[in-house]
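The values are calculated or read from the model by the stated rules, or taken from the named source; none is laboratory data. This structure is a prediction, so every number in the text was calculated from the model and none was measured. Reconstructed Cβ throughout: ideal geometry from the backbone, glycine too, with neighbour counts over all protein chains shown.
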Amino acid sequence: MNLTERVVVVTGGAGGIGAALARRCVAEGATAVVVADLDADAARAVAAGIGRPASAQALDAADEEQVRALVAEVEQRYGRIDLFCANAGVATGAGLDADAADWERSWRVNVLSHVYAARAVLPGMVRRGGGYLLHTCSAAGLLTAVGDAPYTATKHAAVGFAEWLSITYRDQGVRVSALCPQGVETPMLTDGLAAGHLGARVIAASGAVLDPDVVADAVIAGLAEERFLILPHPEVAAYARRRAEDPDGWQSGLRKLVRRLRG
C-alpha cells in the first residue's frame with residue numbers, strides 16, 4: 001500500500017511505535033491520521049507535534065463500543081478508512097503468579113482489541129473492495145516472552161488471528177500484516193530493564209533494541225510490499241525457523257541464556 005492520500009487510524013498512538021507510525025504516515029502523504037489512545041492528553045500532544053493532517057481521539061481499544069464509534073466517526077468525516085493500525089498492547093511481566101485480572105487485561109488489550117477493530121472496519125473495507133489492517137503483535141507471538149506468560153499467550157493469539165484474517169479476507173481486497181518486532185526502545189522495555197526484569201534482559205541480549213522510528217521504516221517497507229509478516233529484526237525470522245525445525249534445541253538454548261543472565 002502506498003500511503004499517499006490515505007486515511008489512517010493508529011490505536012495506541014500516544015507513544016512508542018504508535019506515535020512513530022503516525023508521524024511516518026503523515027510524512028508519506030496520508031490525507032488524515034487519527035491518533036487514538038487511552039491517554040487522550042498524550043494523543044493530543046502527538047497529533048499537535050505532527051500538525052495537520054493529524055488529529056487525536058480518546059479511545060479504549062479494548063472497548064468494542066468505543067472502537068465502533070471511532071470507526072463510524074472517521075468514516076463519516078473522511079468517507080473511508082484505508083489503513084487501520086491495531087497497535088495497543090500491554091505487558092504484565094508475570095508468570096504463573098499472574099492473577100486473573102492480569103490475564104483478562106492482557107486478553108482484552110492484546111487480542112480482543114484486534115477483534116473489535118476488525119469487526120468495526122472490515123465491512124466498509126469489503127464494501128469498497130480494499131483496505132489494510134496492520135496488527136502490532138510481537139516477536140513473542142512467534143517465539144516466547146521469557147518472564148511474561150500472559151504476553152506470550154496473547155501475542156501468539158494475535159498472530160493467529162491476523163493470519164486467519166489474511167486468509168479469509170485477502171481475496172476480498174483486504175490486506176493484513178502482522179508486525180512482530182523484538183526489542184524496541186519504548187517504556188514497556190526500558191522500564192523493565194531499569195527494574196532488572198528477566199524478560200527485558202533476555203530481549204536486550206537477543207538482538208538490537210530499535211528506535212520506534214526504525215520500526216516505522218520497516219512497516220512502510222512491509223506495507224509497500226504487502227507482506228504478511230513484518231519483521232524489523234531480521235534475526236527473528238532465523239529464530240522462528242530454528243524453533244520450528246528443532247523445538248527442543250531452541251528451548252535448550254533459551255534456557256541456557258536465562259541461566260547465564262541469572263548468574
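Would you pick out the residues in the stretch 14-43 that are more than 21 Å from Val109 (Cβ to Cβ) and either surrounded by 22 or more Cβ atoms within 10 Å (Cβ to Cβ) or not hydroxyl-bearing (Ser, Thr, Tyr) (or both)?
Going residue by residue through the stretch 14-43, those that are more than 21 Å from Val109 (Cβ to Cβ) are 23-33.
Matches in the stretch 14-43: Arg23, Arg24, Cys25, Val26, Ala27, Glu28, Gly29, Ala30, Ala32, Val33.
Can you work out which of the residues in the stretch 143-177 that are of a type in the set (D, E, K, R) and outside any helix (DSSP H, G or I) is modelled with the lowest pLDDT? Talk me through it step by step, then tell me what you get.
Our first condition is that a residue be of a type in the set (D, E, K, R); within the stretch 143-177, this holds for 148, 155, 163, 170-171, 175.
Going one step further and asking which of them are outside any helix (DSSP H, G or I), we end up with 148, 175.
Numbers: Asp148: 92, Arg175: 99.
Ranking the candidates gives Asp148 first.
Checking Leu59 against (1) touching a strand residue (DSSP E or B) at 6+ places or on another chain (Cβ under 6 Å); (2) free of Cβ contacts under 8 Å to residues at least 40 places away in the same chain, which test does it fail?
Answer for Leu59: the failing condition is (2).
Residue by residue through the stretch 170-182, note down the ones that are in contact with a Gly (Cβ under 9 Å, 6 or more places away or on another chain) and surrounded by fewer than 21 Cβ atoms within 10 Å (Cβ to Cβ). Before you say what the answer is, go through the steps one by one.
Within the stretch 170-182, the subset in contact with a Gly (Cβ under 9 Å, 6 or more places away or on another chain) is 172-175, 177-180, 182.
Scanning the stretch 170-182 gives Gln172, Gly173, Arg175.
Look through the stretch 62-115, keep the residues that are touching a strand residue (DSSP E or B) at 6+ places or on another chain (Cβ under 9 Å), of a type in the set (Gly, Ala, Ser) and outside any helix (DSSP H, G or I), and return whichever of them is surrounded by the most Cβ atoms within 10 Å (Cβ to Cβ).
Filtering the stretch 62-115 for residues that are touching a strand residue (DSSP E or B) at 6+ places or on another chain (Cβ under 9 Å), of a type in the set (Gly, Ala, Ser) and outside any helix (DSSP H, G or I), the one surrounded by the most Cβ atoms within 10 Å (Cβ to Cβ) comes out as Ala86.
Arg201 passes all but one of (1) assigned to a helix (DSSP H, G or I); (2) within 14 Å of Cys137 (Cα to Cα); which number fails?
The single condition Arg201 does not satisfy is (2).
Looking at this structure, is Ser166 among the hydroxyl-bearing types (Ser, Thr, Tyr) and closer than 27 Å to Gly79 by Cα? Break it down stepwise before answering.
Working: among the hydroxyl-bearing types (Ser, Thr, Tyr): yes; closer than 27 Å to Gly79 by Cα: yes.
It is true that Ser166 is among the hydroxyl-bearing types (Ser, Thr, Tyr) and closer than 27 Å to Gly79 by Cα.
Across the stretch 239-256, which residue is farthest from Ala158 (Cα to Cα) among those that are in a helix (DSSP H, G or I) and more than 26 Å from the chain's Cα centre (by Cα)?
That would be Lys256.
Give the residue, chosen from Arg119, Arg80, that is over 25 Å from Ala145 (Cα atoms), of a type in the set (Lys, Arg) and within 19 Å of the chain's Cα centre (by Cα). If you could, list the steps in order and put the result at the bottom.
Details: Arg80 fails: within 19 Å of the chain's Cα centre (by Cα).
Matching residue, one of Arg119, Arg80: Arg119.
Within the stretch 115-135, which residues are of a type outside the set (Phe, Trp, Tyr) and touching a Ser or Thr at 6+ places or on another chain (Cβ under 9 Å)? So that I can check it myself, show each step before the final result.
We begin by selecting, within the stretch 115-135, every residue of a type outside the set (Phe, Trp, Tyr); these are 115, 117-131, 133-135.
If the condition is that a residue be of a type outside the set (Phe, Trp, Tyr) and touching a Ser or Thr at 6+ places or on another chain (Cβ under 9 Å), then Ala117, Leu133, Leu134, His135 are the ones that fit.
Which of the residues that make up the stretch 18-36 are of a type in the set (A, V, I, L, M, F, W, C), out of contact with any Cys (no Cβ under 9 Å at 6 or more places or on another chain) and touching a residue at least 12 places away in the same chain (Cβ under 8 Å)?
Ala19, Ala20, Val26, Ala30, Ala32, Val34, Val35, Ala36
When you scan the stretch 209-238, how many residues do you find that are surrounded by fewer than 20 Cβ atoms within 10 Å (Cβ to Cβ) and either free of Cβ contacts under 8 Å to residues at least 12 places away in the same chain or in a helix (DSSP H, G or I) (or both)?
12
For the stretch 178-187, give me each residue that is of a type in the set (Gly, Ala, Ser) and either in a helix (DSSP H, G or I) or within 12 Å of the chain's Cα centre (by Cα) (or both). Can you show your working first?
First pass over the stretch 178-187, keeping only residues of a type in the set (Gly, Ala, Ser): 178, 183.
If the condition is that a residue be of a type in the set (Gly, Ala, Ser) and either in a helix (DSSP H, G or I) or within 12 Å of the chain's Cα centre (by Cα) (or both), then Ala178 is the only one that fits.
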